[in-house]
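Only one structure is covered here, and it is reproduced in the block below.
The values are calculated or read from the model by the stated rules, or taken from the named source; none is laboratory data. On a predicted model such as this, the values are computed, not experimentally measured, just so you know. With ideal geometry, Cβ positions are generated from the backbone for all residues, glycine too; neighbour counts draw on all protein chains shown. Surface accessibility is based on the protein's heavy atoms, side chains included, excluding ligands, DNA and RNA. Shrake-Rupley method; radii C 1.70, N 1.55, O 1.52, S 1.80 Å.
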Amino acid sequence: MQFRAFEVRPRANVSRLLSELQVEIDGRLTRLNLPSIDGLTYQLVPQVDAPIALAGEDFSVQPCGYLRGLLMRARARWLVKPKDQLVLDQMVIFARGRRGKRREFRKVLQSFRNGGLALDRPELSQFPELLAGWADRSTPSPVTPNQPRRPGPPRFAIVAHVYYPEVWPEISTILRLVDQPFDLIITTVPDREALSARILQDFPDADIRVFENRGRDVRPFLCLLEEGRLDRYASICKIHGKKSVDGGRVALLGNIWRNRLLFDLLAAPGVIDRILGIFDAFPRAGMVGSQSYRYPSDHFDLKASWGKNRETVLAIASRMGIPPELFKLDFFGGTMFWARPEALSPLRELKLSAAFAEEQGKLDGALEHAVERLFSTAAEAAGYRLASVDGLETATQSSLAPAPAEPIIRLV
């Protein structure tokens, strides 16, 4: 008889915020990441009667007998709310412990869901980079192999703002996965000579532009847009080295935002072909972004999506010809997206690059936060529409089934 349930306890003094637990069910291995919260006991309830093995250096594992397993199964089904559970294909996981510890566990789960990467997404086993990031690799890897570049002229440009030098190796690794010909434009700030040298070592043809440290990644992009540097391309991909420097869980979630956005827009298998296919198939598609970061959403309501930016957003939208009573907030968070340059012309014509204040470290309410919400507005003011992609969905379809006749998108 197989054990019907397991109790898993995080070991004391584990410094990692997340720890990996390997779950093997009937020979099938899944890597599950659980919060390392001292004082919690995780109860794992299998949904199948099959051989099960658990292993994780940060956990102690205790199998439970048949009757206790039935009790845990009943608790998972009738007493524990769905938002407090992790649900895999063949297992349910929930936490037991003091109320404060369970509340902390609930907050961690919700934070990851809000960040577009629920911890029970099965694809985390297939794509560990979503949590761990992309290592600095100049040689191929079984997980993220370097791709030979297809011949021909560049079809698009990738515009990357790099403020933190330590993030460049990860971006460089992702760019080496791109098998389409492209031009690379890097924007950065003064006093980054060593970074510029490293970029040119990795990509000798990169166009590196240095701007004042104003407006973070937004103002440099607007400068390129306003001077016409991007006009020659049919489409552009805007990314940046997003990073949270507050430490702890905030830093981890900031890294996950960056990982998921870069995955959805560039690194997911087949995603660039899918996005270019959207532009080819839908001439009025002006912008393509990550479905997980299209706001407002089920996990990020209208109030949170506005932040402290409503007044500024509505004022600038009015200058683009959209009065407040007709404005509808709909944007891609994180200011990473693909776009046709001409779709951004209403924003370009406002010449906002001169209006940005000196960097003050604001987390919300600065001009760059308002403009983040207005790139999509510009596309709609120019007569274009928005499209969403999900890199995990695209990767699964690319690896498991032939490409559909039309791109699977949300075009509204």
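Hey, Pro324 hits all of (1) within 20 Å of the chain's Cα centre (by Cα); (2) open to solvent by 60 Å² or more (accessible area, probe 1.4 Å); (3) over 23 Å from Val189 (Cα atoms) but one; which does it fall short on?
In the conditions (1) within 20 Å of the chain's Cα centre (by Cα); (2) open to solvent by 60 Å² or more (accessible area, probe 1.4 Å); (3) over 23 Å from Val189 (Cα atoms), Pro324 misses (1) alone.
Quick one: in the range 363-409, which of the residues that are among the β-branched types (Val, Ile, Thr) and under 24 Å from Ser125 (Cα atoms) is modelled with the lowest pLDDT? If you could, list the steps in order and put the result at the bottom.
Quick first cut of the range 363-409, residues among the β-branched types (Val, Ile, Thr) only: 371, 377, 389, 394, 396, 408-409.
Then drop every residue that is not under 24 Å from Ser125 (Cα atoms), which leaves 389, 394, 396, 408.
Values: Val389: 95, Thr394: 88, Thr396: 71, Ile408: 36.
Ranking the candidates gives Ile408 first.
Limited to the range 58-81, what total is found for residues that are in a helix (DSSP H, G or I), within 12 Å of Arg96 (Cβ to Cβ) and not basic (Lys, Arg)?
Result for the range 58-81: 4.
In the range 123-209, which helices (runs of 4 or more DSSP H) lie fully inside it and hold 1 or more residues that are of a type in the set (D, E, K, R), at pLDDT below 85 and closer than 29 Å to Leu18 by Cβ?
Details: elements: 123-126, 129-132, 168-175, 193-202.
The qualifying helices (runs of 4 or more DSSP H) are 123-126.
Tally the residues that are touching a residue at least 40 places away in the same chain (Cβ under 8 Å), closer than 14 Å to Ser388 by Cβ and surrounded by fewer than 16 Cβ atoms within 10 Å (Cβ to Cβ), restricting the search to the range 278-306.
The total comes to 0.
Answer yes or no: is there a residue in the range 358-370 that is closer than 19 Å to Pro220 by Cβ, part of a loop (DSSP other than H, G, I, E, B) and open to solvent by less than 60 Å² (accessible area, probe 1.4 Å). Talk me through it step by step, then tell me what you get.
At the first step, the residues of the range 358-370 found to be closer than 19 Å to Pro220 by Cβ are 358-362, 366-370.
The next check asks that each one be part of a loop (DSSP other than H, G, I, E, B); those that pass are 359-362, 366.
Then drop every residue that is not open to solvent by less than 60 Å² (accessible area, probe 1.4 Å), which leaves 361, 366.
Scanning the range 358-370, I find at least one residue that is closer than 19 Å to Pro220 by Cβ, part of a loop (DSSP other than H, G, I, E, B) and open to solvent by less than 60 Å² (accessible area, probe 1.4 Å), so the answer is yes.
Here's the yes/no breakdown for (1) more than 20 Å from the chain's Cα centre (by Cα); (2) among the hydroxyl-bearing types (Ser, Thr, Tyr):
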site: Ser297; (1), (2): no, yes
site: Ala315; (1), (2): yes, no
site: Met320; (1), (2): yes, no
site: Gly333; (1), (2): no, no
site: Pro341; (1), (2): yes, no
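For Pro220, are the conditions met, namely being crowded, with 19+ Cβ neighbours inside 10 Å and not aliphatic (A, V, I, L, M)?
yes
Within the bounds of the range 273-291, is there any residue that is part of a strand (DSSP E or B), β-branched (Val, Ile, Thr) and over 16 Å from Arg113 (Cβ atoms)?
Taking the range 273-291 first, the residues part of a strand (DSSP E or B) are 285-290.
Within this subset, residues satisfying the condition of being β-branched (Val, Ile, Thr) are 288.
Keeping just the survivors that are over 16 Å from Arg113 (Cβ atoms) gives 288.
There is at least one residue in the range 273-291 that is part of a strand (DSSP E or B), β-branched (Val, Ile, Thr) and over 16 Å from Arg113 (Cβ atoms).
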